[in-house]
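Remarks on the structure that follows.
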Amino acid sequence: MKAILIFLSLLSVVGCNNKAVYDNIQYNKRTDCLKVPASEYEQCMEGVDRSYEEYERQRKAVIDG
C-alpha cells in the first residue's frame, strides 16, 4: 500500500512538472510575440492562449491516431 501511495505521489508531481514546463513555454512565446512587428502580432499569438488541458487533449488525439 505504501508503494502505491509513493507511486501516485510521484505521478502527480510529474504531471505538475509537465504543466509548469508548458506554462513556461507559453509565457516565453507571449514574450517573444511582443517583439514582432504589430502586423505579425495576431498571427504570433495564435495558440498561445491554449490551456494545458486542451494541449493534452490534442496531443493524445494525435498519438492515438
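The values are calculated or read from the model by the stated rules, or taken from the named source; none is laboratory data. All figures in this text were calculated on a predicted structure; none of them were measured in a lab. Positions of Cβ are generated from backbone atoms using ideal geometry, with glycine treated the same way; all protein chains shown enter the neighbour counts.
Some notes on this structure:
Rundown of residues vs (1) aliphatic (A, V, I, L, M); (2) assigned to a loop (DSSP other than H, G, I, E, B); (3) modelled with pLDDT of 85 or more, yes/no style:
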site: 6; (1), (2), (3): yes, no, no
site: 19; (1), (2), (3): no, no, yes
site: 22; (1), (2), (3): no, no, yes
site: 39; (1), (2), (3): no, no, yes
site: 43; (1), (2), (3): no, no, yes
site: 50; (1), (2), (3): no, yes, yes
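- Cβ separations smaller than 8 Å between residues 6+ apart or across chains give no pair from the stretch 31-54 residues that are more than 25 Å from residue 18 (Cα to Cα) to residues that are acidic (Asp, Glu) and in a helix (DSSP H, G or I).
- Scanning the stretch 24-37 for residues that are in a helix (DSSP H, G or I) and basic (Lys, Arg) yields 29, 30.
- Members of the stretch 38-58 that are surrounded by 12 or more Cβ atoms within 10 Å (Cβ to Cβ) and under 10 Å from the mean Cα position of the chain (by Cα): 48, 50, 51, 52, 55, 56
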